[in-house]
Amino acid sequence: MPPFERLVIPAALLGDVVAHALADAPLECCGLLAGRIAGGVGTVAARYPVRNDAASATEYESNARDMLSAFRAMREGGLELLAIYHSHPTSAPVPSRRDVARNTYGETAAHLIVSLAAPEPVARAWWLTEVGYREAELRVDTGGPSERS
């Protein structure tokens, strides 16, 4: 069972994720999102870009040193891993069979996928299981008064 029901990401941090995807295109990018969980909501407070050692347009392999640095920074900042993010430069923001097969986090972290296949980038979040996936609730916090968690 997932540790939270809704993933909330500030618009600026989602913009940073999209910028990372665009900068690494046509290769996939990857990274981690961390924050705090309260009342069934995981609120993103930090982004940790990770090098893609696969250097591929269709898969990613997280750089081990970058992952170690990210988890160290999370621990020091009192943050929890909320999501793994990566891009799909030419396909929809839906988990691939490879994404599901290589998921080592179970449902302890959501997966945010940014697609660059359309004229405007599209981001969606997912819970991956051993055999499939289901969409996670994703909210982008624009900081306006109508955004309540």
Subject >> Flag if Gly143 is in contact with an Asp or Glu (Cβ under 9 Å, 6 or more places away or on another chain), more than 25 Å from Asp24 (Cα to Cα) and not aliphatic (A, V, I, L, M) >> reply: no
Original post:
In the stretch 100-120, which residues are surrounded by 12 or more Cβ atoms within 10 Å (Cβ to Cβ) and among the polar types (S, T, N, Q)?
Top reply: Asn103, Thr108, Ser115
Subject >> Filter result (surrounded by 19 or more Cβ atoms within 10 Å (Cβ to Cβ) and either part of a strand (DSSP E or B) or at pLDDT below 95 (or both)) within the stretch 125-148 >> reply: Ala125, Trp126, Trp127, Leu128
**OP:** Quick one: in the stretch 42-99, of everything that is among the basic types (Lys, Arg) and either touching a strand residue (DSSP E or B) at 6+ places or on another chain (Cβ under 7 Å) or over 24 Å from Thr129 (Cα atoms) (or both), which residue is surrounded by the most Cβ atoms within 10 Å (Cβ to Cβ)?
**Re:** Arg47
Subject >> Every residue from the stretch 89-124 that is over 18 Å from Pro26 (Cβ atoms), assigned to a loop (DSSP other than H, G, I, E, B), touching a residue at least 12 places away in the same chain (Cβ under 8 Å) and of a type in the set (Val, Ile, Thr) >> reply: Val94, Thr108
Original post:
Quick one: how many residues across the stretch 21-40 are small (Gly, Ala, Ser), under 15 Å from Ala110 (Cβ atoms) and over 11 Å from the mean Cα position of the chain (by Cα)?
Top reply: 2
Original post:
Can you find even one residue in the stretch 111-125 that is more than 23 Å from Gly15 (Cβ to Cβ) and not hydroxyl-bearing (Ser, Thr, Tyr)?
Top reply: no
Subject >> From Thr58, Thr43, Thr90, Thr104, residue being of a type in the set (Ser, Thr, Tyr) and under 13 Å from the mean Cα position of the chain (by Cα) >> reply: Thr43
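The values are calculated or read from the model by the stated rules, or taken from the named source; none is laboratory data. What you are looking at is a predicted structure, and each value in this text was computed from that prediction instead of being measured. Methodologically, a virtual Cβ is constructed for each residue, glycine included, from the backbone with ideal geometry; neighbour enumeration extends over all protein chains shown.
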